[in-house]
Structure formats: structure tokens, C-alpha cells
Amino acid sequence: MELLEDSIVPERARGVKSEAREFADEHIEPNAEEYFRAGEYPWEVLEAGKEAGLVAQDIPEEWGGRGFDLAQLLALTEEFYRADAGIALTLQLASFGCEITYDYGTDEQCEEFVRPVAEGDQLSGLAVSEPETGSDLAGMETRAERDGDEYVLNGEKYWIGNGVEADWITVYARTGDNEDNRYGNHSLFIVPTDAKGYEAEHIPEKMAMRASKQAHITFEDCRIPAENLIGAEGAGFMLLADFFNHGRVIVAGHGLGMAAAAIEEGWAFAHDREEFGRTITEFQAVQHGLADAITEFESARALTWRACEKVADRDNEGYWAAMAKTKATETATEVAEQCMQLHGGRSVLEDRKIARVYRDVRIPVIYEGVNEVQRNLIYRQTPR
């Protein structure tokens with residue numbers, strides 16, 4: 001079956017989608033189980049992705065990238081996550097946070113930090129979440145204090161992709177304490193990972209997406225040049241909120257890719273499995289289960305691609321991004337459970353892709369803002 005067909009994909013994104021499918025079939029799918037079992041960072045696949053021109057290519061052409069737009073990134077995302085979520089996340093995190101710099105930073109910052117990522121010489125990351133704070137952007141406590149021509153950072157960050165591997169990360173830190181303006185107290189900074197006072201260690205092994213590595217970062221009197229501030233001091237919340245609108249459409253693509261993988265696995269297994277002298281697809285309950293899974297998938301995909309257009313056009317983008325992220329990631333969890341059930345006892349075997357997908361789908365409902373928070377955003381931003 002072919003769930004990720006391209007009739008819904010804008011024509012300008014179909015070439016990228018085809019490239020991504022070919023790469024995923026050759027480099028991601030065959031290596032997925034090995035990296036999941038080992039829990040190792042997939043350096044070889046990452047290098048192959050760079051050579052194929054499919055990593056960090058959202059970066060504009062003027063800074064060395066291919067300038068993929070949101071639709072092209074979404075088309076690529078569906079294909080990568082259909083093959084394997086852990087490796088796909090590593091590939092996409094290679095340039096995580098760069099968008100903030102090339103959208104709001106200076107030309108000097110882009111030349112020094114963004115271009116090496118686009119050219120495959122460096123990795124970036126984004127540090128927002130903290131050990132005790134995740135979705136409350138206005139509540140983050142890692143602090144950056146101005147000291148002459150430097151900022152001094154102190155605090156902790158948690159769940160940070162590439163926190164160990166990156167050459168530099170974008171850090172979201174508190175620079176003010178104005179209780180009357182909760183959303184004007186944070187700023188964004190470029191922090192080289194070799195800066196004195198920056199320490200990072202891998203978080204112990206996760207149950208899912210094991211080929212992607214997250215870190216616990218501590219800043220202890222970590223000094224960076226004042227010119228590493230991105231945009232204006234106090235603008236961090238608003239810049240990050242805009243960044244997350246785009247990111248949530250891509251996370252919806254994570255859900256779509258994994259949902260497609262689950263349904264394909266369930267469909268194939270159900271048509272081969274026999275019980276009571278016939279394939280289980282002859283039972284109406286199985287037919288209905290697959291029908292429901294496909295219907296929910298197509299609903300989520302239609303919403304996500306509509307949201308992609310709305311966000312790109314800046315048409316109530318927070319509303320559409322939140323809906324797409326919620327619907328697609330929750331559809332992935334639902335259809336993965338349904339298709340795992342179709343596998344019966346074999347579903348718990350580690351060499352089954354459905355077992356890996358079943359674990360992986362639990363993560364995107366949490367990152368880029370938990371879905372409970374997304375529902376708050378949907379309600380508040382519903383057109384009236």
C-alpha cells in the first residue's frame with residue numbers, strides 16, 4: 001500500500017520528497033534496528049545525509065543551504081520518519097535552532113555559525129527545556145547576566161538534542177524579572193559548546209528514538225561575547241514562539257511518518273496471518289480496525305498539509321500548527337496501538353518494526369509543547 005502518496009504535496013516539494021524516499025530506503029530503513037538496539041548516534045547515516053544534500057538544507061542559499069521551505073521540509077519529514085524516527089530525528093536536529101539565527105540574527109552571526117552547519121562542517125542545537133520546566137517558556141530559570149561586553153550564563157538545560165555532539169547551541173535564558181511582562185524576560189544566545197563553563201552529558205538511555213541523543217547541560221559562569229545575543233534582549237519568548245509554529249508542523253510530519261509505518265506493518269501482517277483457517281483480514285473486526293486507522297491517518301494528513309500552508313502564509317499560524325501537531329501525533333499513537341494489536345504476541349518481539357514504532361510514537365506527543373498545552377493554544381486562538 002502507498003499511504004504517503006504525493007497528490008496532496010505541492011509540486012515544488014515533490015522532488016525533495018522523492019529524494020528523501022530514496023535516501024530513507026537506502027540509508028535509514030536498513031540501519032534502523034541496529035541503531036535502535038545499540039542506542040548509538042548514527043554518524044555514518046548523518047554523513048550520508050549531508051552528502052545527499054538532505055541535512056540542514058532549510059538554511060537559505062545565501063548561507064550555503066538549499067533554502068527548503070516549510071512544505072519541502074514536511075515532505076522530507078514524512079519519508080524520514082516512516083523509515084525510522086530515531087535516525088530521522090538525528091538528521092533533523094543537525095541544524096536545530098539555526099532558523100532562529102538566519103531569521104533574526106546578524107549577517108556576521110550567520111557567516112560564523114550558520115554557514116558551517118549548512119556546509120556539513122558543524123552541528124547545532126537548541127536548549128530550551130529545563131529539569132523542572134518544559135512547556136512553560138516564561139518560567140525558564142537559566143539566567144544570562146550582562147557583564148561588560150559579555151554575558152554570563154548559569155543554570156541547567158535538559159532534553160537537549162546534540163547537547164554533547166553540537167559545535168554550538170542556541171540557548172534560551174532569563175535576562176529580566178519584570179512581573180508585569182512575563183513574556184519579555186528571556187533572550188536567545190549562541191553558545192559555543194567549547195566555552196568554559198559549558199558541560200554536557202548524555203541522558204541515560206530512553207525507551208524510544210534511541211538513535212537520537214539528548215543531553216543534560218549545566219552552565220557555570222559560562223561567558224560568551226555580548227554579540228552572541230540573537231535579536232534584542234527580552235525578545236526571546238516571541239522569537240521562540242514563532243519558531244515553534246514552524247516546528248510543530250514538522251512534528252506533525254513526525255506523526256504522519258510513524259503512523260504510515262504502523263499501518264503498513266499492520267496491513268502486511270494482517271494479510272499474511274491466518275487464524276481459524278483463514279487470513280485475519282476476513283474478519284470484520286480486523287477490517288474495521290484497519291479502516292479506522294487509515295481514515296484517521298488521512299484526516300491527520302489533510303489537516304497537517306493545510307496547516308503547512310496556513311503557517312507559511314502566517315494566517316493564524318499558532319492555531320493551525322497546534323491543531324496539526326496534536327492531531328497527527330495522537331493519530332500516530334492510536335494507529336500504532338491498533339496495528340500492534342493485529343500482530344498479536346509477535347508485536348512484542350524486538351525485531352519487529354511495529355514494536356519500535358509503538359515506542360517511538362510516545363515521544364512526539366510531548367516534545368515541541370505537550371499536547372495538553374496545544375489544546376490551550378487551539379482554544380485561545382480559535383477564530384471568533
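Out of (1) within 28 Å of Leu46 (Cβ to Cβ); (2) at pLDDT 95 or above; (3) more than 18 Å from the chain's Cα centre (by Cα), what's the single condition that is false for Pro225?
So Pro225 meets the others, but not (1).
What pairs come up if the first residue lies in segment 42-53 and is without any contact (Cβ under 8 Å) to a residue 40 or more places away in the chain and assigned by TED's automatic domain parsing to the domain that holds Phe23, the second is surrounded by 18 or more Cβ atoms within 10 Å (Cβ to Cβ) and assigned to a helix (DSSP H, G or I), and their beta carbons are under 6 Å apart, counting only those six or more places apart or on different chains?
Ala48/His27; Ala52/Phe23
Check whether at least one residue in segment 337-349 is more than 19 Å from the chain's Cα centre (by Cα), under 20 Å from Met1 (Cα atoms), of a type in the set (D, E, K, R) and not assigned by TED's automatic domain parsing to the domain that holds Glu29, and report yes or no.
As a first pass, look at segment 337-349 and keep what is more than 19 Å from the chain's Cα centre (by Cα): 337-349.
Within this subset, residues satisfying the condition of being under 20 Å from Met1 (Cα atoms) are 337-343.
Among the residues that remain, those that are also of a type in the set (D, E, K, R) are: 337.
So of that shortlist, the ones also not assigned by TED's automatic domain parsing to the domain that holds Glu29 come out as 337.
Taking every residue of segment 337-349 in turn, at least one turns out to be more than 19 Å from the chain's Cα centre (by Cα), under 20 Å from Met1 (Cα atoms), of a type in the set (D, E, K, R) and not assigned by TED's automatic domain parsing to the domain that holds Glu29.
Specify the residue that is farthest from Gly86 (Cα to Cα); the eligible residues are those in segment 22-42 that are within 18 Å of the chain's Cα centre (by Cα) and in a helix (DSSP H, G or I).
By that ranking, first place goes to Ala24.
Do you know which residues across segment 71-92 are of a type in the set (A, V, I, L, M, F, W, C) and either out of contact with any strand residue (DSSP E or B) (no Cβ under 9 Å at 6 or more places or on another chain) or modelled with pLDDT under 95 (or both)? Full working, then the answer.
Going through segment 71-92, the residues of a type in the set (A, V, I, L, M, F, W, C) turn out to be 71, 73-76, 80, 83, 85, 87-89, 91.
Scanning segment 71-92 gives Ala71, Leu73, Leu74, Ala75, Leu76, Phe80, Ala83, Ala85, Ile87, Ala88, Leu91.
Just to be sure, is Gly234 surrounded by 14 or more Cβ atoms within 10 Å (Cβ to Cβ) and part of a helix (DSSP H, G or I)?
Against the criterion (surrounded by 14 or more Cβ atoms within 10 Å (Cβ to Cβ) and part of a helix (DSSP H, G or I)), Gly234 does not qualify.
When you go through (1) under 30 Å from Val361 (Cβ atoms); (2) surrounded by fewer than 20 Cβ atoms within 10 Å (Cβ to Cβ) one by one for Arg223, which number turns out not to apply?
Here Arg223 meets the rest and fails (1).
Considering segment 291-308 alone, what residues qualify as being more than 17 Å from Ile378 (Cα to Cα) and surrounded by fewer than 21 Cβ atoms within 10 Å (Cβ to Cβ)?
Within segment 291-308, Ala291, Asp292, Ile294, Thr295, Glu296, Glu298, Ser299, Ala302 meet the criteria.
Count, please, the residues in segment 204-260 that happen to be among the β-branched types (Val, Ile, Thr) and more than 22 Å from Val114 (Cα to Cα).
The number of residues fulfilling the criteria is 3.
Mind telling me which of the residues Ala259, Ala270 ends up being crowded, with 18+ Cβ neighbours inside 10 Å, in the same structural domain as Ile363 (by TED's automatic domain parsing), out of contact with any Asp or Glu (no Cβ under 7 Å at 6 or more places or on another chain) and at pLDDT below 95?
Values: Ala259 fails: at pLDDT below 95.
The conditions single out Ala270.
Of everything in segment 326-380, what is closer than 22 Å to Arg301 by Cβ, of a type in the set (Asp, Glu), surrounded by fewer than 19 Cβ atoms within 10 Å (Cβ to Cβ) and modelled with pLDDT under 95? Give them in sequence order.
Across segment 326-380, the qualifying residue is only Glu337.
Any residue in segment 28-41 that is in contact with a helix residue (DSSP H, G or I) (Cβ under 9 Å, 6 or more places away or on another chain) and under 26 Å from Trp305 (Cα atoms)?
yes
Across segment 69-99, which residue is surrounded by the fewest Cβ atoms within 10 Å (Cβ to Cβ) among those that are charged (D, E, K, R) and more than 17 Å from Ala260 (Cβ to Cβ)? Before the answer, list the steps.
Our first condition is that a residue be charged (D, E, K, R); within segment 69-99, this holds for 69, 78-79, 82, 84, 99.
Remaining after also requiring more than 17 Å from Ala260 (Cβ to Cβ): 69, 99.
Details: Asp69: 14, Glu99: 21.
Only one residue tops the list, namely Asp69.
Looking at (1) touching a Phe, Trp or Tyr at 6+ places or on another chain (Cβ under 8 Å); (2) aromatic (Phe, Trp, Tyr); (3) within 25 Å of His202 (Cβ to Cβ), which one does Tyr158 not meet, given that it meets all the others?
Every listed condition holds for Tyr158 apart from (1).
The values are calculated or read from the model by the stated rules, or taken from the named source; none is laboratory data. None of these values were measured; they are calculated from a predicted model. Every residue, glycine as well, gets a Cβ built from its backbone with ideal geometry; the counts of neighbours run over all protein chains shown.
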